[in-house]
Each structure stands twice: as C-alpha cells, then as structure tokens.
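Q: Here's a structure for you.
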Amino acid sequence: MPVNDFTTQLKNDNLQHLLTLQNLSLPWIERILDHASGFLDPITHRILKRPTLQNKIVFNLFFEPSTRTRTTFEIAAKHLWADVINFNIEASSQSKGETIRDMVANLSAMHGDLIVIRHRENGMPHFIAQHVSPSVHVINAGDGAHQHPTQGLLDLYTIRHFKKEFRGLRVAIVGDILHSRVARSLIDGLTTLGVKEIHVAGPKGLMPSDIGGWPVNAHTELSEAIDGVDVIVMLRIQQERMETGLIDSMESYRDSYCLTEARLKLANPDVIVMHPGPINREVEITSAVADGAQSVILKQVTFGIAVRMAIMDILVNGVK
Ligand code: ASP
C-alpha cells in the first residue's frame, strides 16, 4: 500500500483528503484547529451545529472496532446535517485490494461525498483515495500502526486549548509506541508545530527499531520521560497487534509504566494527562489519575467532535 503518497492529499492547494499528518503543513494544521474552535461554544464547550453538509452523504467504513472515533464521526457529520451511513465490517474477511476496489466503485456510484475509513492495513485509506471518483473525499480514521490524523489533530487541539502555545512545550508519549498510529500522527503534528521536546517511553519490545531516526528522545524508564513535562499522553497496549514476547507480562508492564499519582508528581505541577482511549485502567493509568484533576481525557472526546466537523467541512466546502 502506498503509505506515504503525499501528492494524494492535496489537490490544487486544496485539502482533498485527510490521510496523514506527516506532510500536513503548519498553515493547514492551524486552519483546521481554528475552524474547529468555531464549532464550540467558548464558555460551555457545547457543540454548535451548522448545516454546511446538508444533502451530503458520509460513509463510515470501519473494518476495525471503534467506539469513540466512529461515534464522534457520526455525531460530527449529523451536527453538519449530513446523512450518515454506517458500515461495521469488522467481521468481514475483506482485505484484498480487489475487493476493496469493487466496494469503492460501488460507494462512488452511490454518490457519497465523504468516506471515513478505518482499516487494519497500513495505507488502505491512501489506496481508496487513489481510486474514488474525484468528487469524493477520504478521511483516514486509523490505518494499522500507521496514522490516525483526526486523533492527532484533536490531541493538538486539546494541547493548544490548555497550553495556548506549542513552542516551549515538553511532551511525553508513553506505552506501546511500536503499534501506535496515535503516537505517529501526534509526533508528526507536534514536530510541525515546533514543540521544544518530545519524549517517548516504553519497554524495548514496544519501541520501533528505527526510533533513533524519529524526532524524539526515547527512554525505557518512565521517570526519565515524564520528568518536568507539560503534557503526558498515555497509549493503549494494542493487544490485537501484539506478537507474543514483546513484553514480559501485563504485570511487569504495569509496574514499570502505569501512570500513578506518585509518578505524576515528576511532571510539571500543571501537567495535563491525555489518553486516546479505550483505557486499560490500572494497567496504563490508575483510575485516580485518569479521573483526576489533571486528566483532560474527556475533553479530548468533546474536542474531537469539533475537530472532525472542521475537517469534514473544510474537505467538502473548502476554506472560506
Ligand atoms: N482509539 C485509538 C486508535 O484507534 C487508540 C487505540 O485504540 O489505542 O488508534
């Protein structure tokens, strides 16, 4: 699959698809974040509905399980007055390019305007973007261990909301870096926004072999990674992508990497704690921290709706 074909994403200086944050420029990121804030009441953070996708059809194609992402895409589309058609195809054996190609041809013939796709294969959204008819926009809702750009953008939105500025920030991302599309998209976005430092931490078996080439400081000790940071992003252990032997045991993982109140004290006093969900409580993060004063995990969910509305509106209607 052509995982890094940046030419597919932009068409005549317009954002045609959202497939990756790897090459999304600073102005595009800022445009999306600014547009998202227009969909949120500044005081209550309630979502402001607008009929900008009226008479448009959004296909939600989820080949992997999802609750938050699928639901918030559906809510976002409905808040823009789009018609949403959900396909839950987790159980299906469709993974071959040919079959997908037929499906894409059919969806194009049904005159869908937006295809939101999650798939276990890296690059599948790119493949689809290259085969849909020119009027269709594709949004990557997570492909394998590759990218999850809307999660990356909602994470950036959340960080900007609480920290205002990216330049001086120190951010730690902790856990299953190897399998994390969330980490990859967020690191791409944070790098484009020019944060001061990005630290990653996890067991050796869950660290990508090419981590030395990433724009991060990699640690196996959690305490080194979170020392004095402003933002901590905890990741889910991706058991569905895990080969045996990558970690010794869940117990040893918890002992070394679970974010507890005691460990949180190593970070800046005003640190925010994030997690893309779903959370494995008491494995990645204790309930005291997940539900504590510094957790912004549920804010991520609300902001995610506004960010997804902004992306869909910009793809379909352009930037005004
Ligand atoms: N919900 C995120 C994703 O789809 C994070 C996770 O599942 O761990 O990648």
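The values are calculated or read from the model by the stated rules, or taken from the named source; none is laboratory data. Note that the structure is a prediction, hence the values are computed from the model and not measured. As a convention, Cβ positions derive from the backbone with ideal geometry for all residues, glycine included, and neighbour counts pool all protein chains shown. Note: accessible area is taken over every heavy atom of the protein model, side chains too, but ligands, DNA and RNA are not part of it. Shrake-Rupley method; radii C 1.70, N 1.55, O 1.52, S 1.80 Å.
Q: Within the range 163-187, can you find the residues that are near the ligand (Cβ under 10 Å from one of its atoms), in contact (Cβ under 8 Å) with a residue 60 or more places away in the chain and in a loop (DSSP other than H, G, I, E, B)?
A: Scanning the range 163-187 gives Gly175, Asp176, His179.
Q: For the range 138-161, check the following and say yes or no: at least one residue is under 18 Å from Val307 (Cα atoms), modelled with pLDDT of 95 or more and open to solvent by 40 Å² or more (accessible area, probe 1.4 Å).
A: Yes, the range 138-161 contains at least one residue that is under 18 Å from Val307 (Cα atoms), modelled with pLDDT of 95 or more and open to solvent by 40 Å² or more (accessible area, probe 1.4 Å).
Q: Return yes when Ile139 is part of a strand (DSSP E or B) and either within 25 Å of Leu298 (Cα to Cα) or within 13 Å of the ligand (Cβ to nearest atom) (or both) and no when it is not.
A: yes
Q: Could you tell me whether Leu21 is within 16 Å of the ligand (Cβ to nearest atom), touching a helix residue (DSSP H, G or I) at 6+ places or on another chain (Cβ under 9 Å), open to solvent by less than 50 Å² (accessible area, probe 1.4 Å) and outside any loop (DSSP other than H, G, I, E, B)?
A: Judged against the criteria, Leu21 is not a match.
Q: Quick one: is His126 more than 16 Å from the ligand (Cβ to nearest atom) and either of a type outside the set (Lys, Arg) or modelled with pLDDT of 95 or more (or both)?
A: Taking the combined requirement at face value, the residue satisfies it.
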